Amino acid sequence: MSWSALLLVAVALGTDALSAALGIGMAGVGTRYLILLSGTVLGFHVLMPLIGVFLGSVLGNLVGGYAVWLGAGVLILLGLQMMREPFKSQAAVSPPRSAWGLIILSGSLSLDALSAGFGLGTLAAAQLPVIVITIGLVAGLMTAAGLLFGRYLGEKIGHWAGLLGGIILVLVGIRMVV
(Lines give C-alpha, C1' and ligand atoms only; values in the text may rest on other atoms or scores of the structure.)
Protein backbone atom coordinates (compact mmCIF):
# COMPACT_ATOMS: atom_id res chain seq x y z
CA MET A 1 0.00 0.00 0.00
CA SER A 2 1.43 3.38 -0.99
CA TRP A 3 1.85 6.17 1.58
CA SER A 4 -0.74 8.34 -0.12
CA ALA A 5 -3.28 5.50 -0.13
CA LEU A 6 -2.49 4.70 3.50
CA LEU A 7 -2.97 8.32 4.56
CA LEU A 8 -6.28 8.52 2.69
CA VAL A 9 -7.49 5.37 4.46
CA ALA A 10 -6.27 6.69 7.82
CA VAL A 11 -8.01 10.04 7.36
CA ALA A 12 -11.22 8.31 6.24
CA LEU A 13 -11.14 6.10 9.35
CA GLY A 14 -10.46 9.12 11.58
CA THR A 15 -13.36 11.26 10.37
CA ASP A 16 -15.88 9.84 12.87
CA ALA A 17 -13.45 10.51 15.70
CA LEU A 18 -12.85 14.06 14.45
CA SER A 19 -16.57 14.79 14.16
CA ALA A 20 -17.42 13.35 17.58
CA ALA A 21 -14.43 15.07 19.20
CA LEU A 22 -15.63 18.39 17.79
CA GLY A 23 -18.97 17.89 19.49
CA ILE A 24 -17.42 16.72 22.75
CA GLY A 25 -14.89 19.54 22.72
CA MET A 26 -17.70 22.10 22.67
CA ALA A 27 -18.69 20.84 26.11
CA GLY A 28 -15.40 22.19 27.41
CA VAL A 29 -12.63 19.69 28.02
CA GLY A 30 -9.31 20.12 29.73
CA THR A 31 -5.89 19.18 28.45
CA ARG A 32 -5.81 15.97 30.51
CA TYR A 33 -9.08 14.79 28.97
CA LEU A 34 -7.87 15.78 25.50
CA ILE A 35 -4.78 13.60 25.96
CA LEU A 36 -6.75 10.70 27.49
CA LEU A 37 -9.44 10.58 24.80
CA SER A 38 -7.00 11.13 21.92
CA GLY A 39 -4.71 8.41 23.27
CA THR A 40 -7.59 6.00 23.79
CA VAL A 41 -8.90 6.59 20.27
CA LEU A 42 -5.36 6.13 18.93
CA GLY A 43 -5.05 2.83 20.78
CA PHE A 44 -8.40 1.57 19.56
CA HIS A 45 -7.59 2.59 15.98
CA VAL A 46 -4.48 0.40 16.23
CA LEU A 47 -6.18 -2.47 18.05
CA MET A 48 -9.42 -2.72 16.07
CA PRO A 49 -7.85 -3.35 12.63
CA LEU A 50 -5.66 -6.01 14.22
CA ILE A 51 -8.71 -7.66 15.73
CA GLY A 52 -10.41 -7.45 12.35
CA VAL A 53 -7.47 -9.14 10.65
CA PHE A 54 -7.39 -11.96 13.17
CA LEU A 55 -11.14 -12.54 13.38
CA GLY A 56 -11.52 -12.80 9.65
CA SER A 57 -14.43 -12.07 7.44
CA VAL A 58 -16.73 -14.91 8.60
CA LEU A 59 -17.03 -13.70 12.20
CA GLY A 60 -16.90 -10.10 11.01
CA ASN A 61 -19.94 -10.52 8.81
CA LEU A 62 -21.80 -12.13 11.72
CA VAL A 63 -20.93 -9.53 14.39
CA GLY A 64 -19.95 -6.49 12.32
CA GLY A 65 -23.44 -5.16 11.68
CA TYR A 66 -24.41 -5.30 15.33
CA ALA A 67 -21.20 -3.59 16.39
CA VAL A 68 -21.91 -0.59 14.17
CA TRP A 69 -25.44 -0.30 15.61
CA LEU A 70 -24.06 -0.43 19.15
CA GLY A 71 -21.44 2.23 18.44
CA ALA A 72 -24.01 4.47 16.76
CA GLY A 73 -26.37 4.02 19.71
CA VAL A 74 -23.69 5.12 22.18
CA LEU A 75 -23.00 8.29 20.18
CA ILE A 76 -26.69 9.10 19.74
CA LEU A 77 -27.40 8.66 23.47
CA LEU A 78 -24.41 10.83 24.41
CA GLY A 79 -25.53 13.45 21.88
CA LEU A 80 -29.10 13.47 23.20
CA GLN A 81 -27.80 13.92 26.74
CA MET A 82 -25.65 16.84 25.62
CA MET A 83 -28.54 18.41 23.70
CA ARG A 84 -30.78 18.67 26.75
CA GLU A 85 -28.13 20.15 29.06
CA PRO A 86 -28.55 23.80 27.92
CA PHE A 87 -32.22 23.63 28.93
CA LYS A 88 -31.45 22.59 32.51
CA SER A 89 -30.84 25.13 35.25
CA GLN A 90 -27.14 24.31 35.17
CA ALA A 91 -25.44 24.49 31.81
CA ALA A 92 -22.66 22.03 32.61
CA VAL A 93 -22.32 19.30 29.99
CA SER A 94 -20.31 16.31 31.03
CA PRO A 95 -18.63 14.15 28.39
CA PRO A 96 -17.78 10.63 29.59
CA ARG A 97 -14.85 10.91 31.99
CA SER A 98 -14.69 7.50 33.62
CA ALA A 99 -12.31 4.86 32.27
CA TRP A 100 -15.24 2.78 31.01
CA GLY A 101 -16.83 5.83 29.44
CA LEU A 102 -13.62 6.60 27.54
CA ILE A 103 -13.28 2.97 26.47
CA ILE A 104 -16.87 2.70 25.25
CA LEU A 105 -16.69 6.03 23.41
CA SER A 106 -13.32 5.24 21.84
CA GLY A 107 -14.42 1.76 20.88
CA SER A 108 -17.58 3.05 19.23
CA LEU A 109 -15.56 5.61 17.27
CA SER A 110 -13.16 2.87 16.15
CA LEU A 111 -15.65 0.33 14.82
CA ASP A 112 -14.99 1.33 11.23
CA ALA A 113 -11.34 0.44 11.84
CA LEU A 114 -12.49 -3.07 12.84
CA SER A 115 -14.20 -3.46 9.49
CA ALA A 116 -11.13 -2.12 7.71
CA GLY A 117 -9.11 -4.81 9.46
CA PHE A 118 -10.98 -7.52 7.58
CA GLY A 119 -9.65 -6.09 4.32
CA LEU A 120 -6.16 -5.56 5.70
CA GLY A 121 -5.76 -9.31 6.16
CA THR A 122 -4.97 -9.59 2.47
CA LEU A 123 -1.85 -7.42 2.82
CA ALA A 124 1.61 -8.69 3.61
CA ALA A 125 2.16 -9.23 7.35
CA ALA A 126 5.26 -7.01 7.23
CA GLN A 127 3.11 -4.02 6.21
CA LEU A 128 0.52 -4.50 8.93
CA PRO A 129 2.35 -2.83 11.87
CA VAL A 130 3.15 0.29 9.82
CA ILE A 131 -0.42 0.47 8.54
CA VAL A 132 -2.17 0.14 11.91
CA ILE A 133 0.24 2.50 13.68
CA THR A 134 -0.31 5.10 10.95
CA ILE A 135 -4.08 4.68 11.20
CA GLY A 136 -3.88 5.06 14.99
CA LEU A 137 -1.65 8.14 14.89
CA VAL A 138 -3.83 9.89 12.34
CA ALA A 139 -7.02 9.10 14.29
CA GLY A 140 -5.42 10.28 17.55
CA LEU A 141 -4.30 13.55 15.96
CA MET A 142 -7.70 14.09 14.35
CA THR A 143 -9.38 13.50 17.72
CA ALA A 144 -7.10 16.02 19.42
CA ALA A 145 -7.74 18.56 16.65
CA GLY A 146 -11.50 18.05 16.97
CA LEU A 147 -11.38 18.48 20.75
CA LEU A 148 -9.28 21.64 20.49
CA PHE A 149 -11.44 23.22 17.81
CA GLY A 150 -14.59 22.17 19.64
CA ARG A 151 -13.29 23.70 22.87
CA TYR A 152 -12.56 26.93 21.01
CA LEU A 153 -16.07 26.98 19.52
CA GLY A 154 -17.57 26.16 22.91
CA GLU A 155 -15.86 29.18 24.44
CA LYS A 156 -17.22 31.40 21.66
CA ILE A 157 -20.87 30.30 21.71
CA GLY A 158 -21.24 29.64 25.43
CA HIS A 159 -23.52 27.09 27.05
CA TRP A 160 -25.41 26.54 23.76
CA ALA A 161 -22.30 24.66 22.60
CA GLY A 162 -23.70 21.59 24.36
CA LEU A 163 -26.76 21.66 22.12
CA LEU A 164 -24.67 22.04 18.96
CA GLY A 165 -22.19 19.38 20.15
CA GLY A 166 -25.05 16.99 20.92
CA ILE A 167 -26.53 17.52 17.47
CA ILE A 168 -23.15 16.72 15.92
CA LEU A 169 -22.85 13.48 17.94
CA VAL A 170 -26.39 12.40 17.01
CA LEU A 171 -25.65 13.07 13.33
CA VAL A 172 -22.37 11.11 13.50
CA GLY A 173 -24.24 8.21 15.12
CA ILE A 174 -26.95 8.29 12.46
CA ARG A 175 -24.34 8.45 9.71
CA MET A 176 -22.68 5.34 11.10
CA VAL A 177 -25.81 3.26 10.50
CA VAL A 178 -27.00 4.85 7.25
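The values are calculated or read from the model by the stated rules, or taken from the named source; none is laboratory data. Predicted model only: the values in this text are computed from it and were never measured. In this analysis, Cβ positions are derived from the backbone assuming ideal geometry, glycine residues included, and neighbour counts consider all displayed protein chains. In case anyone asks, the SASA skips ligands and DNA or RNA and just uses the protein heavy atoms, side chains included. Shrake-Rupley method; radii C 1.70, N 1.55, O 1.52, S 1.80 Å.
Looking across Gly154, Gly119, Gly162, one residue alone is surrounded by fewer than 16 Cβ atoms within 10 Å (Cβ to Cβ) and at pLDDT below 85. It is Gly119. The residues on offer are Leu114, Leu75, and the sole one that is buried (at least 22 other Cβ atoms within 10 Å of the Cβ), of a type outside the set (S, T, N, Q), at pLDDT below 70 and under 21 Å from Val11 (Cβ atoms) is Leu75. I need the full set of residues from segment 6-39 which are within 18 Å of Leu114 (Cα to Cα) and open to solvent by 30 Å² or more (accessible area, probe 1.4 Å), in order please. Of everything in segment 6-39, those that are within 18 Å of Leu114 (Cα to Cα) and open to solvent by 30 Å² or more (accessible area, probe 1.4 Å) turn out to be Leu7, Leu8, Val9, Val11, Ala12, Thr15, Leu18, Gly39. Looking at segment 15-63 only, could you name the residues that are at pLDDT below 85, farther than 19 Å from Ile76 by Cβ and in a helix (DSSP H, G or I)? Those that are at pLDDT below 85, farther than 19 Å from Ile76 by Cβ and in a helix (DSSP H, G or I): Gly52, Val53, Phe54, Leu55, Gly56, Ser57, Val58, Leu59, Gly60, Asn61, Leu62, Val63.
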